[in-house]
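Step one of this worksheet: look at the structure below.
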Amino acid sequence: MSNTAISEATMRGVLEQLPLMSGKIVDGTRHEKVLSYMRLYLSSDSAVEQLMSWNVLDTLVLCLQPQSDMRVTATAVRFLGDALRAHNGEVLWTAVHATQIVEWIVDNTDSPHALVRVAWLHFMRQASYINDSAFTMLLDRVDYPRLLLRRLLDSSYFVVAEACALLGRLFYANNSIDPKLSALVEQLVARPFHMQTSARKAAVLAAVETLLLLKNSEVQQFVHRVFAQPMEPYLYDNDRLVRDRALDVLELMVLDVDAQGVCELVAVLARRVDMNANVVLRCLAAVVKQLPNNKRVDEGEAQRLGQMIATMGVELLLRIHPAVDGSDVDQIETQITSSDVDIAETQDVESTLITSSDVDRIQSQVAKAAQQSPSAASTIACEAARIVREHSQTSFSAHTASSMCLLLSNPRVQQHTQLVQLVLSTLLQTLRLAHSRTHVQMVPQLISTFAIRAPGLRGVFDLAHELLGSCTTEFVRSLEHAVRTRIVDVEWEARDTVLEFVTRAVREHAWPSVEQLATRQVVDDAVRALTDAEEYVRASAAHLLAAVVERGDEERAWYVSEHSHLTGSDLARLVADSEAFVKRAALDLVHALGTRGTGMWVECLSYRTLYDLADDPDFEVRVRCARVLALLTQNSAADAELQSTSLLLEMCRDSSRYVRAECLRSLRELKQNTQDVDMTNEPEPKRVDVGEQSSLYEKLKKVDLAQLEASLSAEHLYQEALDTQVARELMREQSDANAGNNILDCY
């Protein structure tokens, strides 16, 4: 990204004001915005040279004083670290050693402020890319192995994450493992598990995960040597955060074992299944997830092992939630595909499952655990569903698809929202990988299943969207029927999701492929939804109607514009809605109707309405208002009555660059059109008053479009980013020693 839009004077002003930023600033994001601005400047090849000419290090030293706000200190240190990575950063690094900054680094290794500790680690990581003798000396001065150990044990997650990043940079430097850091890791792991605190366990796992992510064979051998045996206790720890991090480590370790290693892991889990069935299932899900990415396991063998574990998960689900109406998996399976290959493969896997004592033991013991209580059954069912879902990401099985359909039709399953979501996502991904297109008829059925609430419904609609354009007319008609069924759902989120789907389909597909979806009946439903009690539904309905007007054929657009329940007064109420996002959608609809050339759209507007919209607190409403005003200027009668041109000219001074950009586009087009009218010698149509157009052209000539365009530059974007809703009094208080030193004064 170029920094050409950032003036040197502005950047220098920001730097000079940085040490003086008031400590009374409440909005902590202000400092992040300032840092983002300064980072953008570093993209220039001459940035470091320019910074040096401004004596930037002297300025940054002022930010490191004991009385400095810690947020200012952290911002300065992070910026300096980023500057070291910029072009010619080595020059800046050399200059750093002639200042007090190095001593500050040494003295503040254990700052009491987490923000400063994060910034400190960030600076060291950026400096590590230079990796000269001066950096090596600095590492020795801060005793970096012990320092990293303390930071890995830090109470702040952000500090631990930055410490891991620095560990990853230093552990394998100069094409060899750092002996001091290897000793550190060995020391970290060596303490007996029962003597480790939760913080130390998390530190151990964080360090191991960091080293595995390096994907270096020598480092991986080191990790497996020092960490192979202690893995199990972490997986069964009482602390959920420790267990979760241990699972992340397990996923990485699975990538580096052969098929025999995977089988041995399953055997270990089988022996431990009595301890915690849920943990065993989560570990199996991690194995299934990473098997396709394991380069040491043959693709066919990985598929067989994954299918074996996934089939176990399916059988567990069917044992916990058996069919209650006599439904049979095989009957449903024949509705999905006519292929016998997948069924045969599944049967082979099942025979393998029966002869596998380890997997069979896991299945039986987990099933027993599920019988202990309904809550245990629910949790185990969700974990089993996660296993099947991971396998469905890469493999299709008709048996899996039919089993998921059977589960979704089970009233007991429908009572558990999380399980429904897991089963549904598994089914949808399985159907995406199906070799036959006959499965598409299941999609309308899923949409009509009221047990599938809004989150799951979005997934079904995503699949339906993928199928549109390549499916039969019969499918689209079935889809339209299902849509009309759910558009009256008692849950407003479901109604909103349905409207959003039809809108997306109309906008992203050719009209002939969705004409049978956006029917007159669906338009009627959308018009009724404009008065829905839920504001989100009203907005989505307006978006749908706008899409139909913009993308539909003449007949469907005319049907919307002439609808008996979509009069000017109806639109006026929608435009005056109390919610900003409803007003945005209403103005989009008004603009679509006006662009299409229907006359009723003007009826919903008045000068007072437009004036209020032009002054709306929401800038996106004002953007759309400017768009409608531009459309009104093309209608001389409406322009004269509503004074749209005058309002558009007033909006050129809007505080939002997005509104100004819309005004600029509209005024350029309007100026060109009126210039053509003013200069032509041809007689004008009677409806156009040439005198009025000439007068308008004179007004437009007084607008400095070049200056307006300049206000849209990236620098103005950052000026708006620096502005916040915090009162300026919080930036400059008379009793504050920093009075008058507003960071924005440089503008």
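Residue count for the range 175-202 satisfying the condition of being open to solvent by 50 Å² or more (accessible area, probe 1.4 Å), of a type outside the set (A, V, I, L, M, F, W, C) and either in contact (Cβ under 8 Å) with a residue 24 or more places away in the chain or on the phi < 0 side of the Ramachandran plot (or both): 10. What about A127, is it within 27 Å of A86 (Cα to Cα) and surrounded by 18 or more Cβ atoms within 10 Å (Cβ to Cβ)? Yes, satisfied.
The C-beta contact set for the range 442-461 (first residue farther than 15 Å from V490 by Cα, second residue surrounded by fewer than 17 Cβ atoms within 10 Å (Cβ to Cβ), distance under 8 angstrom, 6+ apart or interchain) comprises M442/Q335; P444/H481. Restricting attention to the range 346-366, the residues that are open to solvent by 50 Å² or more (accessible area, probe 1.4 Å), more than 15 Å from V280 (Cα to Cα) and at pLDDT 50 or above add up to 1. Yes or no: the range 265-273 includes at least one residue that is β-branched (V, I, T) and open to solvent by 60 Å² or more (accessible area, probe 1.4 Å). Looking through the range 265-273, none of the residues is β-branched (V, I, T) and open to solvent by 60 Å² or more (accessible area, probe 1.4 Å).
Among the conditions (1) within 16 Å of W120 (Cβ to Cβ); (2) surrounded by 15 or more Cβ atoms within 10 Å (Cβ to Cβ), the only one that M52 does not satisfy is (1).
Restricting attention to the range 638-692 and to residues that are open to solvent by 20 Å² or more (accessible area, probe 1.4 Å) and among the hydroxyl-bearing types (S, T, Y), the residue that is modelled with the lowest pLDDT turns out to be T680.
For the range 144-163, the set of residues classified as loosely packed, with under 14 Cβ neighbours inside 10 Å and over 18 Å from V208 (Cα atoms) consists of S155 only. Counting the residues of the range 122-144 that are part of a helix (DSSP H, G or I) and among the charged types (D, E, K, R) gives 3. Looking only at the range 573-580, decide whether some residue is open to solvent by 40 Å² or more (accessible area, probe 1.4 Å), in a helix (DSSP H, G or I) and touching a residue at least 12 places away in the same chain (Cβ under 8 Å). The answer is no; no qualifying residue exists.
Okay, residues lined up against (1) assigned to a loop (DSSP other than H, G, I, E, B); (2) farther than 17 Å from G313 by Cα:
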| site | (1), (2) |
| --- | --- |
| V226 | no, yes |
| R243 | no, yes |
| V266 | no, no |
| V297 | yes, yes |
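Could you pull out the residue among Y559, Y611 that is touching a Leu at 6+ places or on another chain (Cβ under 9 Å) and among the aromatic types (F, W, Y)?
On the way: Y559 fails: touching a Leu at 6+ places or on another chain (Cβ under 9 Å).
Just a single option satisfies the conditions, and that option is Y611.
Only residues that are among the polar types (S, T, N, Q), farther than 13 Å from L431 by Cα and either without any contact (Cβ under 8 Å) to a residue 60 or more places away in the chain or open to solvent by less than 20 Å² (accessible area, probe 1.4 Å) (or both): list them for the range 403-419, please.
Step one: filter the range 403-419 for residues among the polar types (S, T, N, Q), giving 403, 409-410, 414-415, 417-418.
Next, only the ones that are farther than 13 Å from L431 by Cα stay: 409-410, 414-415, 417-418.
Residues satisfying the conditions are N410, Q414, Q415, T417, Q418.
Screening P617 against (1) over 23 Å from G552 (Cα atoms); (2) open to solvent by 20 Å² or more (accessible area, probe 1.4 Å); (3) assigned to a helix (DSSP H, G or I); (4) not polar (S, T, N, Q) leaves a single unmet condition, (3). Cβ-Cβ distances below 6 Å connect no pair with a first residue in the range 612-635 that is closer than 15 Å to S578 by Cα and in contact (Cβ under 8 Å) with a residue 24 or more places away in the chain, a second residue that is basic (K, R) and assigned to a loop (DSSP other than H, G, I, E, B), and a separation of six or more residues or different chains. Every residue in the range 484-531 that is under 27 Å from the mean Cα position of the chain (by Cα) and small (G, A, S), please. Across the range 484-531, the qualifying residues are A494, A505. For the range 472-510, taking the residues that are out of contact with any helix residue (DSSP H, G or I) (no Cβ under 6 Å at 6 or more places or on another chain) and of a type in the set (A, V, I, L, M, F, W, C), the one that is surrounded by the most Cβ atoms within 10 Å (Cβ to Cβ) is identified as V476. Do we find a residue being over 21 Å from V388 (Cβ atoms), modelled with pLDDT of 90 or more and within 26 Å of the chain's Cα centre (by Cα) anywhere in the range 214-234? Yes - at least one qualifying residue is present in the range 214-234.
It is to be established whether one or more residues within the range 122-129 are over 22 Å from I101 (Cα atoms) and not basic (K, R).
Within the range 122-129, the subset over 22 Å from I101 (Cα atoms) is none.
No, the range 122-129 has no match at all.
Within the bounds of the range 533-544, is there any residue that is under 17 Å from F501 (Cβ atoms), of a type in the set (D, E), touching an Asp or Glu at 6+ places or on another chain (Cβ under 9 Å) and open to solvent by 10 Å² or more (accessible area, probe 1.4 Å)? Yes; the residues of the range 533-544 include at least one that is under 17 Å from F501 (Cβ atoms), of a type in the set (D, E), touching an Asp or Glu at 6+ places or on another chain (Cβ under 9 Å) and open to solvent by 10 Å² or more (accessible area, probe 1.4 Å). Is one or more of the residues making up the range 33-42 among the basic types (K, R), modelled with pLDDT under 90 and not in a loop (DSSP other than H, G, I, E, B)? Looking for residues that are among the basic types (K, R), modelled with pLDDT under 90 and not in a loop (DSSP other than H, G, I, E, B), one finds at least one in the range 33-42, hence yes.
The criterion of being outside any helix (DSSP H, G or I), closer than 15 Å to V288 by Cβ and in contact (Cβ under 8 Å) with a residue 60 or more places away in the chain does not hold for T400. Evaluation of A451 against the conditions (1) closer than 23 Å to E500 by Cα; (2) out of contact with any Cys (no Cβ under 7 Å at 6 or more places or on another chain); (3) in a helix (DSSP H, G or I) shows that the sole unmet condition is (3). Scanning the range 412-450 for residues that are at pLDDT 90 or above and among the small types (G, A, S) turns up S425, S448.
Could you please find all residues in the range 558-572 being outside any helix (DSSP H, G or I) and among the β-branched types (V, I, T)?
Filtering the range 558-572 down to residues outside any helix (DSSP H, G or I) leaves 562-567.
Of everything in the range 558-572, just one residue is outside any helix (DSSP H, G or I) and among the β-branched types (V, I, T), namely T567.
So that you can scan it fast, the table gives a plain yes or no per residue for (1) in contact with a Ser or Thr (Cβ under 8 Å, 6 or more places away or on another chain); (2) assigned to a loop (DSSP other than H, G, I, E, B); (3) farther than 27 Å from A286 by Cα:
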{"site": "K368", "(1), (2), (3)": "no, no, no"}
{"site": "I387", "(1), (2), (3)": "no, no, no"}
{"site": "T394", "(1), (2), (3)": "no, yes, no"}
{"site": "Q421", "(1), (2), (3)": "no, no, no"}
{"site": "T430", "(1), (2), (3)": "yes, no, no"}
{"site": "R458", "(1), (2), (3)": "yes, no, no"}
{"site": "S478", "(1), (2), (3)": "no, no, yes"}
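Only residues that are touching a residue at least 40 places away in the same chain (Cβ under 8 Å) and under 27 Å from the mean Cα position of the chain (by Cα): list them for the range 465-483, please. H465, L468 - these are the residues of the range 465-483 that are touching a residue at least 40 places away in the same chain (Cβ under 8 Å) and under 27 Å from the mean Cα position of the chain (by Cα).
What do you reckon, is R225 surrounded by fewer than 19 Cβ atoms within 10 Å (Cβ to Cβ) and under 20 Å from L170 (Cβ atoms)? Spelling it out, R225 is indeed surrounded by fewer than 19 Cβ atoms within 10 Å (Cβ to Cβ) and under 20 Å from L170 (Cβ atoms). The conditions of being of a type in the set (D, E, K, R), more than 33 Å from the chain's Cα centre (by Cα) and under 21 Å from L419 (Cα atoms) are not met by R304.
Looking across the range 203-222, just one residue is among the charged types (D, E, K, R) and crowded, with 16+ Cβ neighbours inside 10 Å, and that is E209.
The values are calculated or read from the model by the stated rules, or taken from the named source; none is laboratory data. Predicted model only: the values in this text are computed from it and were never measured. Quick reminder, even Gly has a Cβ in these numbers, built from the backbone with ideal geometry, and neighbours come from all protein chains shown. All accessible areas refer to the heavy atoms of the entire protein, side chains included, with ligands and DNA or RNA removed. Shrake-Rupley method; radii C 1.70, N 1.55, O 1.52, S 1.80 Å.
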